[in-house]
């Protein structure tokens with residue numbers, strides 16, 4: 001399965017055109033958005049329409065979008081909203097967790113992932129960065145979410161897509177067997193076999 005993932009677009013139309021070019025070139029099976037596609041929900045419906053025009057989209061909200069508004073516009077524009085859900089597609093389980101979650105531990109996330117029971121490879125999509133990798137390193141300190149990191153280790157997450165730290169756009173790292181990627185706003189191509 002081929003994915004084009006992106007995060008932290010923040011309604012920047014010149015970056016959207018670059019993302020669109022990547023999607024056209026790669027013809028992915030799915031486009032994955034890890035949140036912050038708006039600037040505090042300004043022109044939100046317009047941005048959801050633009051994202052929907054890319055193809056089949058799996059999306060979570062970032063800290064710039066509320067869960068409620070994102071769910072409404074995703075439904076209206078035929079985008080699959082995966083915050084707080086796990087979704088099996090072609091032998092891969094996509095797990096989504098949007099919004100904030102930047103604190104070291106996230107008890108809501110921990111309660112949510114306890115319900116996930118799959119033998120499929122997992123692609124985890126969060127807005128908060130995974131603790132302990134290059135994608136959460138700021139000022140020589142790790143500042144990501146430890147609850148997300150623990151889930152990656154326990155559940156043998158294959159790929160974790162995250163963002164929030166704009167300075168780390170395009171970076172990737174590893175946490176055990178998990179490949180952790182901050183795809184940035186112009187997107188990263190990810191291929192994963194079931």
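The values are calculated or read from the model by the stated rules, or taken from the named source; none is laboratory data. Just so we're clear, the structure is a prediction, and the values are computed from it rather than from any experiment. Please note: Cβ atoms are built from the backbone with ideal geometry, for glycine as well, and neighbour counts cover all protein chains shown.
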Selected residue (only one of 89, 60 is under 15 Å from residue 125 (Cβ atoms), buried (at least 23 other Cβ atoms within 10 Å of the Cβ) and in contact with a strand residue (DSSP E or B) (Cβ under 8 Å, 6 or more places away or on another chain)): 60
Helices (runs of 4 or more DSSP H) wholly inside segment 33-141 containing at least 1 residues that are touching a helix residue (DSSP H, G or I) at 6+ places or on another chain (Cβ under 8 Å) and more than 25 Å from residue 11 (Cβ to Cβ): 107-113
Yes/no for residue 68 being without any contact (Cβ under 8 Å) to a residue 24 or more places away in the chain and exposed (fewer than 15 other Cβ atoms within 10 Å of the Cβ): yes
Selection count where residues are buried (at least 21 other Cβ atoms within 10 Å of the Cβ) and over 30 Å from residue 17 (Cα atoms), scope segment 148-174: 5
Residue check for residue 51: closer than 26 Å to residue 192 by Cα and in contact (Cβ under 8 Å) with a residue 60 or more places away in the chain: no
Of the criteria (1) over 27 Å from residue 23 (Cβ atoms); (2) surrounded by 16 or more Cβ atoms within 10 Å (Cβ to Cβ); (3) at pLDDT 95 or above, which one residue 106 fails: (3)
Test: residue in segment 168-177 that is touching a strand residue (DSSP E or B) at 6+ places or on another chain (Cβ under 6 Å), part of a loop (DSSP other than H, G, I, E, B) and farther than 27 Å from residue 47 by Cβ: no
Flag for residue 13 being crowded, with 21+ Cβ neighbours inside 10 Å, modelled with pLDDT of 95 or more and more than 16 Å from the chain's Cα centre (by Cα): no
